[in-house]
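The values are calculated or read from the model by the stated rules, or taken from the named source; none is laboratory data. Quick caveat: nothing in here was measured; it's all calculated off a predicted structure. Neighbour counts run over all protein chains shown; Cβ positions are idealised from the backbone, glycine included.
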Amino acid sequence: MKKILMGTAAIVAGGVLLSGCSMNGKMVKPETVSQKTWVLTSMNGMPVTESGRVTLNMKPLSTYEGSIAGQGPCNRYFGKYRVENDELLFTSMGSTMMACSIAAMQQEKTFISGLKKTNHMVMKDGVLVLKNREGSVSYGFSRESARITGRIESSSGGFPAGSKISVLIQEAKTKNPRAAIGDETIVLKDAVLGSIPFTVNYAPELVKKDRTYNVNVSVMNKGKLIYTGKMNNVVNVNHPINLKASEVKS
């Protein structure tokens, strides 16, 4: 999710497959996985490391067809799916055209290419698995079952209309600004006096035990960065936290 702020800010964090073969997991129906955000946690048996938050959302239109969308390593992707002859097929796949690093673009190419090859979806130990029958492609997705909540305050006491506030949960030492395990964006149509609530969901499976994580906030208005801030060591906190952001001097 994403949010937008201005000024010095403070945050108080506070269908699928109907096949007769289980493919080593429990088969699920489209409505079981819809209306939820699933986050990529493994590719072909290997844990996801620095590809950022790659998501999957499915929206059934009927028992046998629907739409798919999500965030790739760089761009947002979209397409359609249908259940045919007991297999899940993805069609009409496309994406936005934003440029990223060479590594991110290659990761995205690999992800989308593999996704097109999958034709089975099963649930195994709480993990949503998309794979092909041959076993050459296997993607594991976990639900965003954890969250950090709170409020964002500006040093000026409010936020002007049109502000865009972004809140990210990121590894403290990452050099990749897109490598967030959770994010939320808030866009303000009207001016707001006082603080703004936020909720950032994330998948606990993406949290590495030997790493520390920060909540970072940035506020844009009319294309200009006006506030930034962060709070350290916030993952797995069971109560709201306060985050302050300082005004960016031009």
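At-a-glance table
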item: Residue pairs meeting the criteria (Cβ under 6 Å; at least 6 apart or on separate chains; first modelled with pLDDT of 90 or more, in segment 191-214; second aliphatic (A, V, I, L, M) and in a loop (DSSP other than H, G, I, E, B)); result: Ala191/Ala161
item: Criterion violated by Glu153 - all others in (1) acidic (Asp, Glu); (2) more than 30 Å from Ile226 (Cβ to Cβ); (3) over 15 Å from the mean Cα position of the chain (by Cα) satisfied; result: (2)
item: Residues being within 18 Å of the chain's Cα centre (by Cα) and either outside the structural domain of Val39 (by TED's automatic domain parsing) or farther than 20 Å from Ser42 by Cα (or both) - total across segment 57-77; result: 2
item: Among (1) over 15 Å from Tyr77 (Cβ atoms); (2) touching a Phe, Trp or Tyr at 6+ places or on another chain (Cβ under 7 Å); (3) not basic (Lys, Arg) - the single one Asn132 does not satisfy; result: (2)
item: Search result, residues across segment 147-173 that are of a type in the set (A, V, I, L, M), farther than 16 Å from Val54 by Cα and in contact with a strand residue (DSSP E or B) (Cβ under 6 Å, 6 or more places away or on another chain); result: Ile148, Ile152, Ile165, Val167, Ala172
item: Matching entry among Met123, Met105, Met98 (being assigned by TED's automatic domain parsing to the domain that holds Pro73 and assigned to a strand (DSSP E or B)); result: Met123
item: Every residue from segment 78-102 that is over 20 Å from the mean Cα position of the chain (by Cα) and buried (at least 16 other Cβ atoms within 10 Å of the Cβ); result: Tyr81, Val83, Glu87, Leu88, Phe90
item: Test: residue in segment 29-38 that is part of a loop (DSSP other than H, G, I, E, B) and at pLDDT below 75; result: yes
item: Counted residues, segment 112-138 - those being closer than 27 Å to Asn214 by Cα and buried (at least 20 other Cβ atoms within 10 Å of the Cβ); result: 0
item: Qualifying positions in segment 39-70 - among the polar types (S, T, N, Q) and either modelled with pLDDT under 90 or farther than 20 Å from Glu87 by Cβ (or both); result: Thr41, Ser42, Asn44, Thr49, Ser51, Thr55, Asn57, Ser62, Thr63
item: Filter result for Ser136 (among the small types (Gly, Ala, Ser), outside the structural domain of Ile196 (by TED's automatic domain parsing) and in a loop (DSSP other than H, G, I, E, B)); result: yes
